[in-house]
1. As I understand it, the value is the acute angle between the Cα axis of helix 77-99 and the longest principal axis of the Cα atoms of the chain; what does it come to in degrees, rounded to 10?
2. Sticking with the crude label model, points 7 Å out along Cα→Cβ, report the distance from GLN68 to LYS390 in nm, one decimal please.
3. How much net charge surrounds ALA478 when only other residues with a Cβ under 15 Å from its Cβ are counted (Lys, Arg +1; Asp, Glu -1)?
4. What FRET efficiency, computed as 1/(1 + (r/R0)^6) with R0 = 22 Å and r the Cβ-Cβ distance, is obtained for GLN372 and GLN276, rounded to the nearest 0.05?
5. For region 122-183, just the Cα set please: Rg and Dmax, both in angstrom.
6. So for each of 389-395, 53-59 I average, over its residues, the number of other beta carbons within 10 Å; can you give me the resulting order with the highest mean first?
7. Run the paramagnetic zone check for LYS254: 7 angstrom along Cα to Cβ, then residues of region 3-33 with backbone nitrogen under 15 Å.
8. Can you pull out the trypsin sites (Lys or Arg not before Pro) in region 263-336 that DSSP calls coil and that have at most 14 other Cβ atoms within 10 Å?
Amino acid sequence: MASLQADVTLVGGGIMSATLAMLLHRLDPSLHICMIEQLADVAQESSAALHNAGTGHAGYCELNYTPQGPGGQVAINRAIEINTAFDLSLQFWSHLVTSEAEIDPKAFINRVPHMSAVWGQANVAFLRARYEKMHAHHLFDTMQWSQDPAQLAQWMPLLLAGRDPAMPLAATRVEQGADVNFGALTGILVQYLQRHAPFTLLTQTRVSGFKRLGGNGQPWRVKAVNRASGETCQVESPFVFLGAGGNALRLLQKSGIPEAAGYGGFPVSGQWLICQNPALMAQHHAKVYSLAPVGAPPMSVPHLDTRIIGGESCLLFGPYAGFTTRFLNQGSRLDLIKSVRPNNLKSLLGAGSSNLELTRYLMKEAVQTHSQRIAALASFLPQAKANEWKLAHAGKRVQVIKRDEGRWGKLEFGTELVASADGSLAALLGASPGASVSVKAMLDLLARCFPRQLQGAQWQERLKQMVPSYGQDLSQNAALAARVHDYTRGVLGLLP
């Protein structure tokens, strides 16, 4: 049995693990980092380009982040939170681009305007209220609004073609939106670490268990097996991060830490319609989000996107959510059943009983025909033709189920960091906005799991070099936000 010693062990080869690895390497270049991935290469599950929308979530276009209350007031707190979190990612990526000549921003990020579009008088009124509230905040002061058919035809000609001119229609637009290939970015980070860091990558290697070598504060022994050769190995490490996407829950349960009790998962599948017709692609350059159907989960907000993957463009529409029991695309149909434990059964039953409509919706979506999917697309593109669009599978998303006071359990639609009391093991659960806020999520992890080092002058200085606004709130400082925006968007090519 092979045995390795590492300062940090990362289970899962996606954007979260790669981001944490790069942050830790830049903070302490002496750290030996080991990454374990069960597939043949990194970024093959949720981080893969077509397994996510590629939207740099900044709160510009996602209407589910700005709910309208009973009195008509629009809440933008969540959009502000996501915008400032995404800006941390932009700052870190800009630092890497300016400090490492081999990192080309065009390899992973491109400017694609972010838009929200709605039709119907009530929806137009909501979007107008949303625009007025957001545009008044300095983080969203570049947002544009229009109901003018001529202007809308310039912004989104495909959505106007063949539409009833009597139907009220409105849209907002932010020019400096981003399309991000998180799979490519993950590959760039891992390749850099392989060249410049004490870094070990174990692919086709599945983690089979964990063992604590003593009490709190003692290292972990991570047991794994090579899926190709059958050989076993073990990695001893004082810190372990479980960044394995949908499978993070199962791994967290295997760790046996008491903090894992009560957590469960609700898996959701996804599909896209994809078009590569040059004539259509030439008429659309934006990510256009609209309102989700009644009963649909937040991750099912329909959108028509320009995607740029490997230098090639395509149009993507969806997602079409569906019911699944798998936690990964290459997972098992028994994943959901195997995740049930005595300590989370109450949470699962409570969340399930309060989300029966959601389950029925997902099961209905899962059995849609191609013609039914095209009918949904036609609400965006009235002249959509079935033969110009093909179906592609997106990644699996495992939404967090957790204990809730007053109820047995509740379903969450964000991400959640779960860590052991001594900070020696942590897992990231959940989905959207996920990859877009990877830097914020991993900075939160550093605060939870490396508090002593983080308080030191060296780490503080280096973090401020990597993330200039670190420790400050861009939502409360308009001047700093303007400087940071100019810097990041200039470096990454997002300025119009």
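1. Helix 77-99 sits roughly 60 degrees off the main axis of the chain.
2. Going by the 7 Å Cα→Cβ label model, 4.0 nm.
3. On the way: positive: ARG483; negative: ASP87, ASP141, ASP473, ASP486.
Its environment carries a net charge of -3.
4. Details: r = 22 Å, r/R0 = 0.99.
Efficiency, from the Cβ-Cβ distance: 0.50.
5. Just the Cα atoms of region 122-183 yield Rg and Dmax of 13.6, 43 Å.
6. Values: 389-395: 17.6, 53-59: 26.0.
My ranking of the peptides, most packed first, is 53-59, 389-395.
7. Counting only backbone N, you get 9-13.
8. On the way: sites: LYS287, ARG307, ARG326, ARG333; in loops: ARG326, ARG333.
Loop-located and lightly packed - ARG333.
The values are calculated or read from the model by the stated rules, or taken from the named source; none is laboratory data. Just so it is clear, the model here is predicted, and its values are computed rather than measured. Here Cβ is always computed from backbone atoms with ideal geometry, including for glycine, and neighbour counts include all displayed protein chains. Ligands, DNA and RNA are excluded from the accessible area calculation, which covers all protein heavy atoms including side chains. Shrake-Rupley method; radii C 1.70, N 1.55, O 1.52, S 1.80 Å.
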